[in-house]
Amino acid sequence: MSNKWDERKKAQEDEYFVKKEKELIEKLKARQEKEAKQSVKEMCHMRCPKCGEPLKERRFQKILIDHCTGCGGIWLDPGELEEVAGREEGSWLGKLWQRVEK
């Protein structure tokens, strides 16, 4: 009889450790995913999406635009194109933007 109790106790103990190991693995995976996302964010922040070189902020018509030091590309944050186009109503950019919005 004692042997069956020992077996049951051992089975419960094994079950407990399997559960704890699964919890630890899930926590580790979540932490690794979070760290990987943060690492990618740090590597890409203020980098040119085209060539990967650093971006520098430059003022253009009271707007801070991102200018690539490598390829010379200009990158705009959300809403900045609308802001520039709104100031340039009579120009080609303003006219183009009016057509795009329709």
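Computed over the chain with a Gaussian network model linking Cα atoms closer than 10 Å, the most mobile of ALA30, ALA85, ALA11 is ALA11.
Measure off 7 Å from each Cα along the Cα-to-Cβ vector at LYS27 and CYS44, then give the distance between these two points in nanometres to one decimal. Label-label distance for LYS27 and CYS44, simple model: 3.0 nm. Diffusion coefficient (Stokes-Einstein, Kirkwood radius over C-alpha pairs, 37 °C, 0.692 mPa s) for the range 53-96: 295 µm²/s, rounded to a whole number. Residues whose amide H falls under 5 Å from that of GLY73, counting only those 5 or more places apart or on a different chain, are CYS68, with hydrogens built in the peptide plane.
A full extension of the chain between GLN98 and ARG59 corresponds to an added length of 11.7 nm, given 0.36 nm per residue minus the alpha carbon distance. Over the range 53-96, Cα pairs under 8 Å with separation of 6+ residues give a relative contact order of 24 percent. Each of CYS51, SER39, VAL18 was placed along the dipole of the range 10-51 (beta-carbon charges, centred on the mean Cα), and the one lying farthest toward the positive end is CYS51. Note on the chain: GNM, Cα springs under 10 Å; of GLY73, GLY90, GLY52, the largest mean-square fluctuation is that of GLY90.
Under 19 Å from a label point set 7 Å out along the Cα-to-Cβ vector of CYS71, the amide N atoms of the range 13-53 belong to 43-53.
Mind checking the full-extension length gain between GLU7 and LYS37? Use 0.36 nm per residue of separation minus the Cα-Cα distance, one decimal, nm. List each step's numbers first, then the result.
Working: separation 30, 0.36 × 30 = 10.80 nm, distance 4.50 nm.
That pair, GLU7 and LYS37, stretches by 6.3 nm at full extension.
Using the Kirkwood radius over Cα pairs, work out the Stokes-Einstein diffusion coefficient for the chain at 4 °C and 1.567 mPa s, in µm²/s as a whole number. The diffusion coefficient I find is 68 µm²/s. Computed as a quarter of the hull surface, the mean projected area of the alpha carbon convex hull for the range 1-44 stands at 2.6 nm².
Below 8 Å, C-alpha to C-alpha, sequence gap of six or more: please give me the relative contact order for the chain in percent.
Working: 61 pairs, mean separation 11.1, N = 102.
That works out to 11 percent.
Summarising the amide proton neighbourhood of PHE60: residues at separation of 5 or more, or on other chains, whose placed amide H is nearer than 5 Å comprise ILE65.
Bear in mind that the values in this text are calculations on the coordinates, not laboratory data. Not measured: the values here are computed from a predicted model. Counting neighbours? That spans all protein chains shown, and the Cβs are built from the backbone with ideal geometry, glycine included.
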